[in-house]
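Each value in this text was obtained by applying a stated rule to the coordinates, not by laboratory testing. This one's a predicted model, so the numbers in the text were calculated from it and none came from an experiment. With ideal geometry, Cβ positions are generated from the backbone for all residues, glycine too; neighbour counts draw on all protein chains shown.
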Amino acid sequence: GDSVTQMEGPVTLSEEAFLTINCTYTATGYPSLFWYVQYPGEGLQLLLKATKADDKGSNKGFEATYRKETTSFHLEKGSVQVSDSAVYFCALSASGAGSYQLTFGKGTKLSVIP
Amino acid sequence: ETGVTQTPRHLVMGMTNKKSLKCEQHLGHNAMYWYKQSAKKPLELMFVYSLEERVENNSVPSRFSPECPNSSHLFLHLHTLQPEDSALYLCASSQGFSPSYEQYFGPGTRLTVT
C-alpha cells in the first residue's frame, strides 16, 4: 500500500538557520503530495502542495518540489523563525478512486530557538 | 465561529463510560472525516462521510460509532473504550472528494481512557 516516510525528529534549529525536512513516499500511479503543519494546541493546516512531477509548492517561505525520480518531497526554508516551531507532516493522496484519502507520515517536530 | 470546531477539547473517561465527540464545520463543505492521532504513529483515517452518508470505514472497532445528522455536524459516539484508544481525535471537512480540495482540520479532542 501507499506509505510516507519522513525524517525522525525532533529537530532543533537556531533562528535564521536553514531547514530541510526529508520526505519520501511509496505509491502507485501519480499521487498528489502535501505538507501540513500543526501548531501547539491546534489542528493541521495545509502548508503547501504539489499535484504533478516537478511542481514546486510554496507558502510562507517554505518550498517543496515533487521529485518523481527520487519519490521525494523534501520541505525547505531558507531562514526559520521562532514562530515556525510546530510539527510538520508530509502526506500523499493517491490518484484514482479513494483519492480523498490522505496517507500521512509520522510527523517531524521542529523547535526554533532565538 | 468559523472553520471547523470540536467539542470538548479534552475528555477523560473510564472504560465503562459512554461519551460523544462533536464536530461542526462552518465552511459549507459536504465531506467530513474523523482521524485518530496517536503518539509516534501516522494519522489514521477512521471514517468519511459525504452528504451525510458514510463512504469509508477503515476497519474501526465497533466501540466507535459515527453519526452525521447533516452536512455541518459529525459526531463520534464512544462506549467501552480501551486505554489504547487514548489519542487526539481530529475532525476535518472538505468541499468534495479530490486532491485539489483541501481538508480543513479542527483543533481536536484529546481523549484519555482510564
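Could you pull out the GluC sites (Glu not before Pro) across region A:45-84 that fall in loop regions by DSSP (anything but H, G, I, E, B) with no more than 11 other Cβ atoms inside 10 Å? Those that pass, being in a loop and sparsely packed, are A:E69. Any cysteines in chain B with zero other Cys Cβ atoms under 4.7 Å from their Cβ? List them, or say none. Cysteines lacking a close Cβ partner in chain B: B:C68. A cut-off under 10 angstrom between Cβ atoms defines the neighbours of A:G78, and their net charge, with Lys, Arg +1 and Asp, Glu -1, is -2. Each other residue within a Cβ distance under 13 Å of B:L78 adds +1 if Lys or Arg and -1 if Asp or Glu, for a net charge of +3.
Stokes-Einstein at 4 °C, 1.567 mPa s, Kirkwood radius from Cα pairs: D for chain A in µm² s⁻¹? Provide the component values of the computation, followed by the final result.
Details: Rh = 14.1 Å.
Stokes-Einstein gives a translational diffusion coefficient of 92 µm²/s.
If you take all C-alpha pairs in the protein assembly as shown, what percent of them are over 31 Å apart? For the protein assembly as shown, the fraction of Cα-Cα distances above 31 Å is 22 percent. Charge dipole of the protein assembly as shown (Cα centre as origin; +1 on each Lys and Arg Cβ, -1 on each Asp and Glu Cβ, all else neutral): 420 debye, rounded to the nearest 20. Antiparallel beta bridges, as assigned by DSSP with both residues in chain B, represent about 90 percent of the total such bridges. Per q in 0.13 1/Å, what log10 I(q)/I(0) does a Debye calculation on the alpha-carbon atoms of chain B return? The Debye formula, applied to the Cα set alone, gives -0.44. A DSSP coil position with no more than 11 other Cβ atoms inside 10 Å describes the following trypsin sites (Lys or Arg not before Pro) in region B:1-41: B:K40. Under the criterion of Cα pairs below 8 Å and six or more residues apart, the relative contact order for chain B equals 36 percent. Magnitude of the charge dipole for region B:14-114, about its Cα centre and with charges confined to Cβ atoms of Lys, Arg (+1) and Asp, Glu (-1), is about 400 debye. Panel note: the C-alpha atoms of region B:32-73, placed on their principal axes, show extents of 33, 19, 14 Å (largest first). Of interest is the spacing of the C-alpha centroids, which for region A:1-17 and region B:30-87 amounts to 27 Å. Across chain A, the mean sequence separation of Cα contacts (distance under 8 Å, 6 or more residues apart), normalised by length, yields a relative contact order of 36 percent.
Each 5 Å bin from zero holds the following percent of Cα-Cα pairs in region A:1-59: 4, 13, 19, 27, 21, 11, 4, 1.
Karplus couplings for region A:69-83 from phi (6.51 cos²θ - 1.76 cosθ + 1.60, θ = phi - 60°), rounded to Hz, Gly and Pro as x? Result, ordered by residue: 5, 10, 6, 10, 8, 6, 8, 9, 8, x, 8, 7, 10, 4, 5 Hz.
Of the chymotrypsin sites (Phe, Trp or Tyr not before Pro) found in region A:1-110, those in coil by DSSP whose Cβ has at most 16 other Cβ atoms within 10 Å are A:F18.
Electrostatic bookkeeping for B:L111 treats Lys and Arg as +1 and Asp and Glu as -1; over the other residues with beta carbon under 10 Å from its beta carbon, the sum is +2.
Rounded to the nearest 20 debye, the dipole size of region A:43-83 about its Cα centre is 100 debye, using +1 on the Cβ of Lys and Arg and -1 on the Cβ of Asp and Glu.
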